[in-house]
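Notes for the one structure printed next.
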Amino acid sequence: MELRKFQLQQLQGHLPAHFKYKKSEMQKVDKINNQDLLRKETLVSLVKGIPFCQTLDIQVDYLGNEITTHLPFNQEFIGNPVIPALHGGVIGSFLEITAIIQLSWTSFLNSNEKKGISEGGNNLIEDKNIMSDLPKTIDITIDYLHSGLPLESFARATVDRIGRRYASVSVITWQTDPNKPFAKASGHFLVSGS
């Protein structure tokens with residue numbers, strides 16, 4: 001009986017410290033969730049701020065620094081009704097917009113990383129330059145690998161190089177399997193100096 005009382009006292013002595021540890025961990029998780037929510041809001045505002053994204057109804061998902069864009073199928077996007085195949089202009093626009101969004105997002109995250117995100121994540125809200133400093137296309141090369149089917153399309157861009165004034169980005173787009181792209185692009189963009 002005495003042993004049980006001793007164990008209970010020891011357990012009670014450790015519980016408050018254990019709960020404080022859990023509480024601090026929960027605060028860290030809440031802080032990360034708040035920053036993630038602010039990042040998502042910033043990304044959504046970026047996409048909504050590009051009028052052509054609204055025209056094509058482009059949607060975006062992200063995980064960390066990687067963005068995946070979605071182009072829902074629309075009958076108006078068919079260029080050749082005989083096959084049917086997506087119009088090359090729609091595919092090219094989708095690839096270019098994906099590159100611009102990824103490059104803007106990468107630049108935005110890099111600038112916030114350099115500044116150091118404040119405790120409340122306020123830098124994410126205060127930094128509205130993400131819309132005013134959109135990259136300008138210098139050139140873009142598109143390779144059409146095969147016809148785009150009348151399905152939802154996805155695209156993912158990779159920033160190959162980003163400097164003070166110039167960036168290089170490559171993009172792939174697919175419909176059913178990311179390992180089987182139907183088009184890819186490589187573009188060079190003028191970025192504003194930090």
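What follows is calculated from the coordinates using simple rules that are stated; it is not laboratory data. Here the structure is a predicted model, which is why all the values come from computation and not from measurement. Glycine gets a Cβ as well: all are built from the backbone with ideal geometry, and neighbour counts include every protein chain shown.
Figures for the structure shown
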| item | result |
| --- | --- |
| Net charge, VAL171 excluded, C-beta distance under 9 Å - Lys, Arg +1, Asp, Glu -1 | +1 |
| Segment 156-164 - phi-based ³J(HN,Hα) in whole Hz, Karplus 6.51/-1.76/1.60, Gly and Pro as x | 9, 10, 10, 7, 6, 8, 9, x, 6 |
| Calculated FRET efficiency for the pair GLU66/ASN179, C-beta based, R₀ 22 Å, to 0.05 | 0.85 |
| Long-range HN-HN contacts of LEU145 with modeled amide H, under 5 Å | ALA183, LYS184 |
| Protection proxy ranking of 78-86, 164-172 - average other beta-carbon atoms within 10 Å, highest first | 164-172, 78-86 |
| Backbone HN-Hα couplings from phi across segment 87-94 [Karplus 6.51/-1.76/1.60, Hz, Gly and Pro as x] | 5, x, x, 5, 4, x, 5, 4 |
| Nonlocal amide H pairs with GLY79, under 5 Å, H built at 1.01 Å | ALA85, LEU86, HIS87 |
| By average C-beta atoms within 10 angstrom, highest first, the peptides 140-153, 50-63 | 140-153, 50-63 |
